[in-house]
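*Asks:* Let me begin by handing over the structure; questions about it come next.
The values are calculated or read from the model by the stated rules, or taken from the named source; none is laboratory data. Just so it is clear, the model here is predicted, and its values are computed rather than measured. In this analysis, Cβ positions are derived from the backbone assuming ideal geometry, glycine residues included, and neighbour counts consider all displayed protein chains. These accessible areas exclude ligands, DNA and RNA; they are computed on the full protein's heavy atoms, side chains included. Shrake-Rupley method; radii C 1.70, N 1.55, O 1.52, S 1.80 Å.
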Amino acid sequence: MNIVERFLKYTTFDTQSSEESNVTPSTEKQRVFAEYLKQELIAEGLEDVELDDLSYLYATLPANTDKQVPTIGFIAHMDTSPDASGANIKPRIVENYDGSDIVLSEGIVTSVEKFPELLNHKGEDLIVTDGTTLLGADDKAGIAEIVQAMVYLKQHPEIKHGKIRIGFNPDEEIGMGAHHFDVEKFGAEFAYTMDGSECGEIEFENFNAASAKITINGCSVHPGYAKDKMINAGRVATELVSMLPADETPETTEGYQGFFHLTSISGSCEKAQLSFIIRDHDREYFESRKTEMQDVVNALNEKYGEGTLVLELKDQYYNMREKVEPMMYIIDIAKQAISEAGMTPKVMAIRGGTDGAQLSFMGLPCPNIFAGGLNFHGPHEFCPVQSLEKGMMTVVNICKTTESMLGK
């Protein structure tokens with residue numbers, strides 16, 4: 001089975017995760033895919049293949065060198081985003097893409113004007129959807145690249161490498177992917193998530209992240225007799241939003257700039273609820289953003305009465321840079337591997353987070369590497385065949401480079 005066949009097989013599994021669930025995995029269909037992958041890894045000759053009760057899948061490719069080499073790992077997630085359907089995906093390959101708009105199905109077009117990144121892949125073979133589902137390259141492309149690389153290494157024993165561990169987890173798209181990952185069992189000195197986008201990208205900086213949920217307890221009174229009595233929770237909610245910086249939102253920021261993002265708002269006169277995510281690359285600015293949110297809530301409680309607003313503020317993950325910087329050789333290894341696969345390494349900062357961020361703070365330094373798909377989480381997602389192949393060779397090259405650079 002080649003990498004394209006492998007990836008297309010993976011897209012037949014609907015593995016959408018769910019934020020409404022309180023179990024792991026959040027959807028049983030992820031377990032179905034995990035069971036398939038388990039049998040595939042066994043059939044491909046990997047060892048120590050283990051699928052635990054929470055659908056975390058681990059396996060080993062043993063070392064084939066006499067050198068003492070650190071155990072390294074490769075990680076990808078099995079779920080797809082709740083943002084778009086992952087059921088009944090109908091992929092097709094646009095061969096030798098000519099740079100024009102791509103008609104996915106009648107009335108649904110991936111246009112170059114809206115998605116100019118298409119032009120970076122002119123002449124390549126693009127795997128696209130029919131416009132009714134996402135494709136699932138986030139992160140089934142990563143899984144396919146890792147599995148195919150293990151197969152390639154088994155078929156080419158002349159490529160020397162140390163012990164390699166692979167891990168596939170559920171529920172990354174709902175922020176739970178690393179929560180039950182067994183770092184001790186995994187036993188790697190460092191690892192890479194294959195969960196990025198464009199070819200050549202390496203990411204070891206990400207947002208510090210927190211969630212803020214605010215409940216507003218209003219006082220509902222007949223509007224004809226409401227003077228000095230009513231507290232309209234819905235109006236207080238809009239007042240709170242207006243007190244936060246209007247130019248510090250996702251739609252007004254880029255690069256290293258952080259933001260407050262209102263993800264949901266609902267309510268009535270009697271009760272309202274708001275949810276925010278708070279993001280910043282800089283830890284000091286991140287802490288000041290959380291303080292600013294608390295100050296706004298305190299000010300409104302002072303205005304309307306203590307207990308009118310209740311804030312639940314939770315840290316989600318932190319910038320992995322502080323855990324990776326002491327081991328920058330793992331970035332050097334990735335750069336060399338990408339170069340040898342025919343690409344120019346591009347070190348990027350993630351305007352988001354990955355499982356690797358959480359894993360880094362769990363004791364497993366884990367930068368993120370491209371998987372090759374683009375326009376994730378929607379029907380205009382696509383993945384060049386050539387990007388899958390380059391991702392696979394990057395994994396192979398990391399294994400080879402680690403043996404030559406760190407082997408003793």
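*Asks:* Counting other C-beta atoms within 10 Å, and keeping those with at most 14, which DSSP coil trypsin sites (Lys or Arg not before Pro) do you find in the stretch 264-337?
*Replies:* Hits after loop and neighbour filter: nothing returned.
*Asks:* Now a separate question. Relative contact order of the stretch 68-195: what whole-number percent is it, with Cα pairs under 8 angstrom and at least 6 residues apart?
*Replies:* 46 percent.
*Asks:* Can you return the aspartates and glutamates within cross-link range of Lys271? Criterion is Cα-Cα under 19 Å, with same-chain partners fewer than 8 residues away left out.
*Replies:* Leaving aside aspartates and glutamates fewer than 8 places away in the same chain, those within reach of Lys271 are Asp228, Glu239, Glu302, Glu306, Glu312.
*Asks:* GNM on the chain, C-alpha springs below 10 Å: top fluctuator among Leu135, Leu240, Leu61?
*Replies:* Comparing Leu135, Leu240, Leu61 in the GNM, the peak value goes to Leu240.
*Asks:* When a/c is below 1.5 the answer is rounded, else prolate if a/b is larger than b/c, else oblate, so apply that to the stretch 331-377 with a ≥ b ≥ c taken from the square roots of the Cα gyration tensor eigenvalues.
*Replies:* oblate
*Asks:* Under 5 Å between amide hydrogens, which residues at least 5 positions from Leu104 or on another chain qualify, with H placed 1.01 Å from N in the peptide plane?
*Replies:* Val109, Thr110
*Asks:* Another question about this same structure. Would you mind working out the magnitude of the charge dipole of the stretch 314-408 relative to its Cα centre, with +1 at each Lys and Arg C-beta and -1 at each Asp and Glu C-beta, to the nearest 20 Debye?
*Replies:* So the magnitude is around 100 debye.
*Asks:* Additional query: Name the shape class, rounded, prolate or oblate, that the alpha-carbon gyration tensor gives for the stretch 282-387, where a ≥ b ≥ c are the square roots of its eigenvalues, rounded holds for a/c under 1.5, and otherwise prolate holds if a/b is larger than b/c and oblate otherwise.
*Replies:* prolate
*Asks:* Run the dipole for the stretch 203-310 about the Cα centre, Lys and Arg Cβ at +1, Asp and Glu Cβ at -1, nothing else charged, and hand back the magnitude in debye, nearest 20.
*Replies:* 740
*Asks:* In percent, how large is the relative contact order of the chain, given Cα pairs closer than 8 Å and 6 or more residues apart?
*Replies:* Dividing the mean separation by the residue count of the chain yields 24 percent.
*Asks:* Could I ask something else about it? Mind checking the stretch 1-93 for GluC sites (Glu not before Pro) that DSSP puts in a loop (not H, G, I, E or B) and that have at most 10 other Cβ atoms within 10 Å?
*Replies:* Here the sparse-neighbourhood loop sites are Glu20.
*Asks:* Right, next: Go through 219-230, 76-87 and give me the packing order, highest mean Cβ count within 10 Å leading.
*Replies:* 76-87, 219-230
*Asks:* Just to confirm the filter: which chymotrypsin sites (Phe, Trp or Tyr not before Pro) across the stretch 242-299 are DSSP coil and have at most 13 other Cβ within 10 angstrom of their Cβ?
*Replies:* Tyr256
*Asks:* Of Pro379, Asn298, Thr249, which is farthest on the positive side of the dipole of the stretch 241-380, counting Cα position, with +1 on Lys and Arg Cβ, -1 on Asp and Glu Cβ, and the Cα centre as origin?
*Replies:* Sorting the options by dipole projection puts first Pro379.
*Asks:* Let me ask another. On a 19 Å Cα-Cα criterion, which of the cross-link pairs Lys90/Lys140; Lys163/Lys408; Lys29/Lys185 come out too long?
*Replies:* Table pairs above 19 Å Cα-Cα are Lys29/Lys185.
*Asks:* Also, I was wondering about something else. Hey, of (i) 59, 55, 44; (ii) 74, 40, 39; (iii) 84, 52, 38, which did the structure itself give for Cα extents along the principal axes in Å when calculated?
*Replies:* Of the labelled values, this structure produces (iii).
*Asks:* Can you pull the percent of the chain's accessible area that's carbon plus sulfur, 1.4 Å probe, other chains left in place?
*Replies:* 48
*Asks:* Considering only Val109, Thr129, Gly175, whose Cα is most displaced toward the positive end of the charge dipole of the stretch 58-189, charges sitting on Cβ of Lys, Arg (+1) and Asp, Glu (-1)?
*Replies:* After comparing all options, I get Gly175.
*Asks:* Let me ask something else about it. Quick check: Cα centre of the stretch 97-112 to Cα centre of the stretch 325-366, how many Å?
*Replies:* 33
*Asks:* Here is a further query. Roughly what percent of Cα-Cα pairs across the stretch 87-188 reach past 19 Å?
*Replies:* Of all Cα-Cα pairs in the stretch 87-188, 62 percent lie more than 19 Å apart.
*Asks:* Can you tell me the convex hull volume per residue for the stretch 173-218, based on C-alpha atoms, in Å³ to the nearest whole number?
*Replies:* 154
*Asks:* What is the dipole size for the chain, taken about its Cα centre, with +1 at each Lys and Arg Cβ and -1 at each Asp and Glu Cβ, in debye to the nearest 20?
*Replies:* 280
*Asks:* Each residue of the stretch 173-184 in order: what ³J(HN,Hα) in whole Hz does its phi give by Karplus 6.51 cos²θ - 1.76 cosθ + 1.60, θ = phi - 60°, with x for Gly and Pro?
*Replies:* 5, 10, x, 10, x, 8, 4, 10, 6, 8, 4, 5
*Asks:* From the Cα gyration tensor of the stretch 190-292, with a ≥ b ≥ c the square roots of its eigenvalues, which class applies: rounded if a/c is under 1.5, or else prolate if a/b is larger than b/c, or else oblate?
*Replies:* prolate
*Asks:* If you don't mind, there's one more thing I want to ask. Step through the residues of the stretch 79-94 one at a time and calculate ³J(HN,Hα) from phi using the Karplus curve (6.51 cos²θ - 1.76 cosθ + 1.60, θ = phi - 60°), rounding each to whole Hz and writing x for Gly and Pro.
*Replies:* 7, 10, 5, x, 5, 8, 4, x, 9, 6, 5, 10, x, 9, 10, 8
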